[in-house]
Amino acid sequence: MRLFVAGLRKLVRRPASYVSVGLLAGLLSLILIAVGATAKQTAERPNGAAALLLVTFPQAYTLILSFILGLGGLIAVIYGAAVAGSEWNWGTLKAAVARGESRSRYALLTFASVALLIGVGLVLAFLVGTLMAVVGASLAGISTSGLSNSDALGRLPDQFGRSWIAVVEEGALGFTVATLARSQLAGIGAGIALYFGEQFASIFLPDIVKYLPFNAATAVVENAGTGGGGIIQRLEPGLALWVVLAWLFGSLFVAALFTERADISG
Amino acid sequence: MTATATTAGSSGLAVATRALHKRYGPRVALAGLDLSVPNGVVYGFLGPNGAGKTTTMRLLTGLIHADSGTIELLGRPFGQGDRRRLFEVGALIEAPAFYPFLSGRENLRALAATGAPTPWSRVDELLEVVGLTERARDRVSTYSLGMKQRLGIAAALLSDPKLLLLDEPANGLDPAGIVAMRDTLRNLASAGKTVFVSSHILGEVRQLADIVGIIAQGRLVREGPIEELLTSRGRVRVRVKQDEVGAALARLEGGGFRAVQGSTSDDGWLSVAVEGDRASEINRSLAQAGIYASALTAETDLESVFLELTGATPTGDGQRSFGSAGATTVAGQTSGQDPQ
């Protein structure tokens, strides 16, 4: 427990934690305000009505979550890689192991604190997003009466839980890649390459790619895909959740096993 | 690490390694290292770059695993499943490792959450010991190299260890810091703790260590009390006129002495590998050849002992070889490595 709490303390003080949430919430705010402020022009464009759903409640709830799943997933990959890679780069893993700490326990509890921080980050980004959607709706002159839609609010905890698991899985992939690379920079680079590589591969291998970690993650929430114009086939949300859990535990197992067996130098 | 069997006869030792081997691909880092570090001493671990010092430190802290051989820490076998043995060991391996965005105090608290249970009160106590109380709230990224080193020593002392493993602890410390560190380490040894110090600063080791181990090419080439080591390897320095250097070298070589010319900037200094009490013989031999020494000093120098044992000796032209197998100029001629 003390290791987990210490891990949380470290992450709370880490500038990357604020930058990650700030980036996600900032971009989300920018888009929502822009949609609200340009509502008239937006409505006249083809598919403009669909864009205005971003500031129309209750649909805005799911769309904000979908945005978080998309961009938040990429940020989570980078954040997970930064945390794991820095343990190797800064030698802090070495210091802990030299004190007799269990390697795998250290790696897993470090990730557990990352997972909790990701949850906090999602809540903050969602709250900021909802607030900005309300502001956008006001700018666009759209009613916010759907804000208290009981059906949408009732679905939120489930959607939120699924989103959290999905983003945590993406963070775990970054964490594992950086662990295998034993490097912050290499982990971040490889994590980003995997993320975009998977999107690119979906053009050629849609049947396979839908089972891959990032595509499965975006499929865990119903209607929360990040687009793709029908090119990307998505798993059914229930199956997607199992696939995401398999990737999550699989990648953590690899990270723990590697940490346990690796020579720690530098 | 195959440290399953207890090594017989190693009781009373804080660290004992037997036939320790470690390879990095084709490169042999350790080729059968046998270390015996008694309890309650300061042990100076010396060796040239790449000799295997850091590999040894990493093995002793479980950071890497040996290909073969055994390790005992504090009288008990230390293998891959024995990480709790490190609860009684404090270590500073290579550069001190900290989170740059946390303060010194927060870093020590984060580290205290790993390994042996350590109360937070110990953190403030150690910050006081290493003189960082006033800067304890500042981010480590703002610390100087010396301050980071002091914090690293505090980190190594967190669990009040019985065995302290320090890799180049004087790195970056100012003279006052070095003196304070030396006093701290000597006090720890006086209190019955064992301090294992790897260093390349020979003068520092001479002042600090009770016992010295010298490693070269992955093997221990000498181990024993420092005074014993120094008295067994004497050196006499003789100063003659610059234009008589060649003749003096030839005379000494003819008399069975092994003499080396100092660097050109030394202006006539010769170094003769011989016990200090034979300085008069050297003087007599030179005088009989009509060469009169203007100065003559008998020394026991850890540096020359180190260079001789590890094969990294001055080249005679004022340039020092950084490799472990340097050539030696003996009586003005270049020869191979001195056989031991």
ask   = Within region A:137-156, is even one residue within 20 Å of the chain's Cα centre (by Cα) and assigned to a helix (DSSP H, G or I)?
value = yes
ask   = Within the group A:A190, A:A216, A:A186, which residue is more than 14 Å from every other protein chain (Cβ to nearest Cβ), touching a Phe, Trp or Tyr at 6+ places or on another chain (Cβ under 9 Å) and small (G, A, S)?
value = A:A216
request  = Looking for whichever is without any contact (Cβ under 8 Å) to a residue 24 or more places away in the chain and facing another protein chain (nearest Cβ under 8 Å) here; the options are B:E128, B:E106. Which one fits?
outcome  = B:E106
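Only one of B:R122, B:R84 is in the same structural domain as B:R18 (by TED's automatic domain parsing), of a type in the set (K, R) and surrounded by 16 or more Cβ atoms within 10 Å (Cβ to Cβ). Can you tell me which?
On inspection, the qualifying residue turns out to be B:R122.
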inquiry  = Please pick out the residue among A:G250, A:G266, A:G227 that is over 28 Å from A:A84 (Cβ atoms) and either modelled with pLDDT under 90 or part of a helix (DSSP H, G or I) (or both).
reply    = A:G227
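Filter region B:61-75 down to the residues that are of a type in the set (V, I, T) and either within 7 Å of chain A (Cβ to nearest Cβ) or crowded, with 24+ Cβ neighbours inside 10 Å (or both) and list them by number. Walk me through how you get there before you give the answer.
Of the residues in region B:61-75, the ones of a type in the set (V, I, T) are B:61, B:64, B:70-71.
Those that are of a type in the set (V, I, T) and either within 7 Å of chain A (Cβ to nearest Cβ) or crowded, with 24+ Cβ neighbours inside 10 Å (or both): B:T61, B:I64, B:I71.
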task = Determine which single condition A:V5 fails, assuming it passes every other condition in (1) within 14 Å of chain B (Cβ to nearest Cβ); (2) surrounded by fewer than 21 Cβ atoms within 10 Å (Cβ to Cβ); (3) in contact with a Gly (Cβ under 9 Å, 6 or more places away or on another chain); (4) of a type outside the set (D, E).
result = (3)
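When you check B:P169 against the structure, is it under 22 Å from the mean Cα position of the chain (by Cα) and not assigned by TED's automatic domain parsing to the domain that holds B:F306, yes or no? Give the derivation first.
Numbers: under 22 Å from the mean Cα position of the chain (by Cα): yes; not assigned by TED's automatic domain parsing to the domain that holds B:F306: yes.
Yes, satisfied.
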key: Subset of region A:1-14 (residues that are closer than 26 Å to A:L65 by Cβ and in a helix (DSSP H, G or I))   = A:L8, A:L11, A:V12
message = Condition (residue is more than 20 Å from B:A295 (Cβ to Cβ) and part of a helix (DSSP H, G or I)) applied to region B:233-249: is it met by at least one residue?
response = no
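Could you tell me which residue of region A:85-101 is nearest to the chain's Cα centre (by Cα), considering only residues that are more than 7 Å from chain B (Cβ to nearest Cβ) and surrounded by fewer than 24 Cβ atoms within 10 Å (Cβ to Cβ)? Can you show your working first?
The first filter runs over region A:85-101 and keeps only residues more than 7 Å from chain B (Cβ to nearest Cβ), leaving A:85-89, A:93.
So of that shortlist, the ones also surrounded by fewer than 24 Cβ atoms within 10 Å (Cβ to Cβ) come out as A:86, A:88-89.
On the way: A:S86: 20, A:W88: 23, A:N89: 24 Å.
The qualifying residue nearest to the chain's Cα centre (by Cα) is A:S86.
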request  = For region B:153-160, indicate whether the set of residues that are of a type in the set (D, E, K, R) and surrounded by fewer than 22 Cβ atoms within 10 Å (Cβ to Cβ) is non-empty.
outcome  = yes
Single condition A:P157 does not satisfy, out of (1) farther than 14 Å from A:F57 by Cα; (2) touching a helix residue (DSSP H, G or I) at 6+ places or on another chain (Cβ under 9 Å) = (2)
key: Single condition B:A155 does not satisfy, out of (1) of a type in the set (A, V, I, L, M); (2) modelled with pLDDT under 90; (3) in contact with a Leu (Cβ under 6 Å, 6 or more places away or on another chain)   = (2)
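A:G80 - would you say it is out of contact with any Phe, Trp or Tyr (no Cβ under 6 Å at 6 or more places or on another chain) and in contact (Cβ under 8 Å) with a residue 12 or more places away in the chain? Quick ask: steps written out before the conclusion?
Details: out of contact with any Phe, Trp or Tyr (no Cβ under 6 Å at 6 or more places or on another chain): no; in contact (Cβ under 8 Å) with a residue 12 or more places away in the chain: yes.
No: the conditions fail for A:G80.
Counting only residues that are touching a His at 6+ places or on another chain (Cβ under 9 Å), give me the strands (runs of 3 or more DSSP E) lying completely in region B:20-112 with at least 2 of them. Show your work before the answer.
Working: elements: B:27-38, B:42-46, B:68-73, B:89-92.
In region B:20-112, B:27-38, B:68-73 are the strands (runs of 3 or more DSSP E) which contain 2 or more residues that are touching a His at 6+ places or on another chain (Cβ under 9 Å).
Quick grid of which residues meet (1) away from chain B (no Cβ under 14 Å); (2) part of a helix (DSSP H, G or I); (3) surrounded by fewer than 17 Cβ atoms within 10 Å (Cβ to Cβ); (4) aliphatic (A, V, I, L, M):
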{"residue": "A:G80", "(1), (2), (3), (4)": "yes, yes, no, no"}
{"residue": "A:V83", "(1), (2), (3), (4)": "no, yes, no, yes"}
{"residue": "A:A112", "(1), (2), (3), (4)": "no, yes, yes, yes"}
{"residue": "A:D158", "(1), (2), (3), (4)": "yes, yes, yes, no"}
{"residue": "A:G174", "(1), (2), (3), (4)": "yes, yes, no, no"}
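What about B:R150, is it at pLDDT below 95 and under 26 Å from A:D263 (Cα atoms)? Spell out the reasoning first.
Details: at pLDDT below 95: yes; under 26 Å from A:D263 (Cα atoms): no.
When the stated conditions are applied, B:R150 does not pass them.
Check region B:89-101 and report whether any residue there is of a type in the set (D, E, K, R), within 9 Å of chain A (Cβ to nearest Cβ) and within 25 Å of B:Q217 (Cβ to Cβ).
Let us first name the residues in region B:89-101 that are of a type in the set (D, E, K, R), namely B:94.
Next cut, within 9 Å of chain A (Cβ to nearest Cβ) only: B:94.
Now narrow it down to the ones that are within 25 Å of B:Q217 (Cβ to Cβ): B:94.
Taking every residue of region B:89-101 in turn, at least one turns out to be of a type in the set (D, E, K, R), within 9 Å of chain A (Cβ to nearest Cβ) and within 25 Å of B:Q217 (Cβ to Cβ).
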inquiry  = Checking B:R137 against (1) assigned to a helix (DSSP H, G or I); (2) more than 25 Å from B:K193 (Cα to Cα); (3) among the charged types (D, E, K, R), only one condition comes out false. Which one?
reply    = (1)
query = Which of (1) part of a helix (DSSP H, G or I); (2) in contact with a Gly (Cβ under 7 Å, 6 or more places away or on another chain); (3) within 14 Å of chain B (Cβ to nearest Cβ); (4) not hydrophobic (A, V, I, L, M, F, W, C) does A:G36 not meet, given it meets every other one?
reply = (3)
message = So A:S17 passes all but one of these: (1) more than 15 Å from A:V123 (Cα to Cα); (2) touching a residue at least 24 places away in the same chain (Cβ under 8 Å). Which condition number does it fail?
response = (1)
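The values are calculated or read from the model by the stated rules, or taken from the named source; none is laboratory data. Here the structure is a predicted model, which means the values were calculated and not measured. As a convention, Cβ positions derive from the backbone with ideal geometry for all residues, glycine included, and neighbour counts pool all protein chains shown.
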